[in-house]
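Asks: Before we start, here is the structure in question, set down as structure tokens.
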Amino acid sequence: MSGNNGKLAMRIDEVTRWVEKYGIVAFLSCTAAMSISLFLWQINHWAYLPTYIINNAITHRDQIQVFKGTILIFFAITTLLTLAYTIFHAYVKPHGSSFVAATKASLKSLSFLFLMPPTLHRVIWRISPLMMMLVVMALAVCVFYIVNIARIPRTGFSGEKYAAHNSFHAQDTPVLSPGMNVLDNMFFRWRRPRTYHRMRRVPWASPVYVLLALLILGYTCYFSYYTILNHYKLGTSTCDFTIFQNAFINTLHGNFMSVSISPFDGRSLLSQHHDFIFLVYLPFFYLFPKSETLLIIQSASIAFAALPLFLFGKKVLKSTPVAVSIAAFFLLHPANHGPNFYDIHQISFLPISVFLLFYFLERKSIFGFMISVLLILGIKDDMYILLLFVSLFIYLNGRENLRFVWYSFISAFIYGFAYNTVGRIWNIIPTFFYYEGIMVDKNGGLLELIKTVIANPLHAIRAVITKDKILYVAQLFGPVAFIPLLRKQNFLLFVYGLAATLLATRPFLYKISFQYVWYVVPFLFIGLVYVLKDVQTINQSLISPLKTLKGRIYPLLITVFFASFIYSWQYGAFPNNTYFIGGFRKVDFTFTAEDKRRLQALNNIVARIPPNASISASDCITPHLLNHVNVKKFASPDNSEPEYLFLRDPNFERQDYLEHLKDIHAYKVIYREGGFQLLKRSK
């Protein structure tokens, strides 16, 4: 039996050597052939060549061009294969220098470039997103194995003590190329003792800390600028921007969290959700009472979540560069970008609160842990359910954290009991109407939803397994290469977030352009850190491919970087993605002269309305009525007769708004400019 296993291992080794010998050269040759054919064929962009050939072959158009392009590619491949084969066998020795070994490793790392053009082509992703995600996942696996086997002995320092301390094998350090060694020495090299102490004294002088600061400030500035620009282009709406803004304005005028917009009609904002976290906004809004302040705070809350994530990663993994890399991956995740452009939401504070919770857990700080628990419970009224699953995860993650488990579990239980007994009495909006398509009793709550899932699991499974929801899950886990799922305890972190979105029958709950992704996103990176920790410590529960890493985590980091880059390029806001969606609509990153004239016309009309007047305005106009406390959305289901109507011209209004124009015969147009009209009620 052992002899058969030995023969099988020898065959596998032979196949591996054959692939390394010929397959890598073939991939590199295809990439080079693409560049040559573009030069000869004069295609506008290198990514369009395979797309052009495939498209014309399928549609039976330009068959001559398809034939010429195919012949050209195969001719170039054959030529380069012959040339590369000669060079490899004539000049590369079996046991060369470290430079030769590093060059070979670089060639292995470049072997996947042939499939890169389709992954960067945004049109292909819009046609077949699931297929392209499978391609990227396959490429990510290839990157992992390529980087995992591309290693040579590191020379120049002996760090057995520090390698043992960090569960890092110095003799198996991955080296990609001589050029990559420069970056490796700057950011990823395990430091000598002298450098280590010097960086402890002046941490701000370290490149990794400077990089972290630039990432946070860059994200804040980039998203603040473009979300404000989106606001100026009428990209914000009544739900939820105007609702929260109106609550802050009324608070400054003495009516604590009162909202004039339906369905509140003067009631407190807390009558729908227990959004105590919004009290954090009030000091800043008091100092700078502008709409732009709210957008900047939301962008900053997401950006600065990278700081506690960095501290948590550094505490767990004992590596500053790795922690900075994970923080960068978080900011690159496209699920953070779409909701950032969709008004403002209380759940945007969940990532920073979750990261603080786990950081203080690793620090064994009860005070900080309890502050984080209170922050999470103050975000939204269903956070107590999420916290119960987090408590169970902490318990299974280490019995030494039993004290923290009790504190979080008891806090969540008390809050949940209070909410379901007292809080529900004055809640004016049903919480579970997003799931009415799956529940038998359409007016039921959490217990009715659980009863439906248990009584008819096949119905629930059919509701979950749809193309759009599979795409949603892939967009969430794809940027981290599905690595958090390689640790079974991590599933507890995703249970509630995925159940809350995948069981819903309203489409916007399972789109990454809406705020509900934050139920899952922060736990992706918590799970990623714990997987890397298991790899570092060579945990016996690891799956077989991760055991081959022998304590090295850089192959996983490079794999995540590759996946994050591709997904952020396709679905993120970088760099000014024309296909990027925030909320319900595509985001336009330009600000034309026409947009400027329209904004000026809107501000001119706003200046004509008295601050204390009652106003009913179009959905996209209400966010710009900052200093008016009595604002309502036009065509809202109430019977009030406001003093002013502030509308877009009928040609721009939606059809359901046009149906209400027959009821405004008592109003007279007093001003019109830039596609807007202001009407006043006749006395």
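The values are calculated or read from the model by the stated rules, or taken from the named source; none is laboratory data. This one's a predicted model, so the numbers in the text were calculated from it and none came from an experiment. Cβ coordinates were reconstructed from backbone atoms using ideal geometry, including for glycine residues, and neighbour counts include every protein chain displayed. Side chains are part of the model used for accessible areas, which takes the heavy atoms of the whole protein and leaves out ligands, DNA and RNA. Shrake-Rupley method; radii C 1.70, N 1.55, O 1.52, S 1.80 Å.
Asks: Leaving out ligands and nucleic acids, and using a 1.4 Å probe, what accessible area per residue does the stretch 572-652 come to in Å²?
Replies: Details: 3960 Å² over 81 residues.
Computed with neighbouring chains in place, this is 49 Å² per residue.
Asks: I've got another one for you. Could you tell me which of rounded, prolate or oblate describes the stretch 274-431, using a ≥ b ≥ c as the square roots of the eigenvalues of the alpha-carbon gyration tensor, with rounded for a/c under 1.5 and, failing that, prolate when a/b is larger than b/c and oblate otherwise?
Replies: On the way: a/c = 1.98, a/b = 1.05, b/c = 1.89.
Since a/c reaches 1.5 but b/c is at least a/b, the shape of the stretch 274-431 is classed as oblate.
Asks: How large is the convex hull of the Cα atoms of the stretch 579-641 per residue, expressed in Å³ as a whole number?
Replies: On the way: hull volume 7.0 nm³, N = 63.
Output value, Cα hull per residue: 111 Å³.
Asks: What whole-number distance in Å separates the alpha-carbon centres of the stretch 361-402 and the stretch 445-519?
Replies: The distance from the Cα centre of the stretch 361-402 to that of the stretch 445-519 comes to 21 Å.
Asks: Another one. With contacts defined as alpha carbon pairs under 8 Å and 6 or more residues apart, what's the relative contact order of the stretch 202-271 in percent?
Replies: On the way: 40 pairs, mean separation 10.6, N = 70.
It comes to 15 percent, rounded to a whole number.
Asks: Hey, another quick one. Once the principal axes of the Cα atoms of the stretch 548-623 are found, what is the range along each, listed largest first in whole angstroms?
Replies: Principal extents (Cα only, largest first): 70, 29, 17 Å.
Asks: Something else: What is the calculated FRET efficiency for residue 591 to residue 410, with r their C-beta to C-beta distance and R₀ = 45 Å, to the nearest 0.05?
Replies: Values: r = 51 Å, r/R0 = 1.13.
For residue 591 and residue 410, the calculated efficiency is 0.30.
Asks: Enumerate the calculated ³J(HN,Hα) couplings along the stretch 610-617 in order (Karplus 6.51 cos²θ - 1.76 cosθ + 1.60, θ = phi - 60°), each rounded to whole Hz, writing x wherever the residue is Gly or Pro.
Replies: Result, rounded to whole Hz: x, x, 8, 6, 7, 10, 10, 10.
Asks: Which ³J(HN,Hα) values in Hz, rounded to whole numbers, follow from the phi angles of the stretch 332-345 under the Karplus curve 6.51 cos²θ - 1.76 cosθ + 1.60, where θ = phi - 60° and Gly and Pro get x?
Replies: These are the phi-based 3J(HN,Hα) values: 7, 4, x, 5, 7, 7, x, x, 5, 8, 9, 6, 10, 9 Hz.
Asks: What FRET efficiency comes out for residue 578 versus residue 131 if R0 is 30 angstrom and r is the Cβ-Cβ distance? Round to the nearest 0.05.
Replies: Values: r = 21 Å, r/R0 = 0.71.
The formula returns an efficiency of 0.90 here.
Asks: Also: Please compute the length gained on full extension between residue 681 and residue 288, using 0.36 nm multiplied by the number of residues separating them and subtracting their Cα-Cα distance.
Replies: Computed gain between residue 681 and residue 288 is 138.2 nm.
Asks: What is the log10 of I(q)/I(0) for the stretch 193-328, computed with the Debye formula using one identical point scatterer on each Cα and no solvent, at q = 0.18 Å⁻¹?
Replies: Taking Cα atoms of the stretch 193-328 as identical point scatterers yields -0.99.
Asks: What is the set of long-range amide H partners of residue 671 at a cut-off below 5 Å, with H atoms built 1.01 Å from backbone N?
Replies: 678
Asks: Can you figure out the FRET efficiency of residue 213 with residue 451, using R₀ = 51 Å and their beta-carbon distance, to the nearest 0.05?
Replies: Details: r = 50 Å, r/R0 = 0.99.
For R0 = 51 Å, the calculated efficiency reads 0.50.
Asks: Roll a 1.4 Å probe over the protein chains and send me the accessible area per residue for the stretch 216-321 in Å². Each step should come with its number before you reach the end.
Replies: Working: 3630 Å² over 106 residues.
For the stretch 216-321, the solvent-accessible area averages 34 Å² per residue.
Asks: Give, in nm to one decimal, the length gained when the segment between residue 669 and residue 374 is fully stretched (0.36 nm per residue of separation minus the Cα-Cα distance).
Replies: Working: separation 295, 0.36 × 295 = 106.20 nm, distance 5.04 nm.
101.2 nm is the gain from fully extending residue 669 to residue 374.
Asks: Percent relative contact order of the stretch 306-403, based on C-alpha pairs within less than 8 angstrom and at least six residues apart?
Replies: Numbers: 77 pairs, mean separation 23.3, N = 98.
RCO, the stretch 306-403: 24 percent.
Asks: Further question: Report the extension gain between residue 138 and residue 122 in nm, rounded to one decimal, defined as 0.36 nm multiplied by the number of residues separating them, less their alpha carbon distance.
Replies: 3.9 nm
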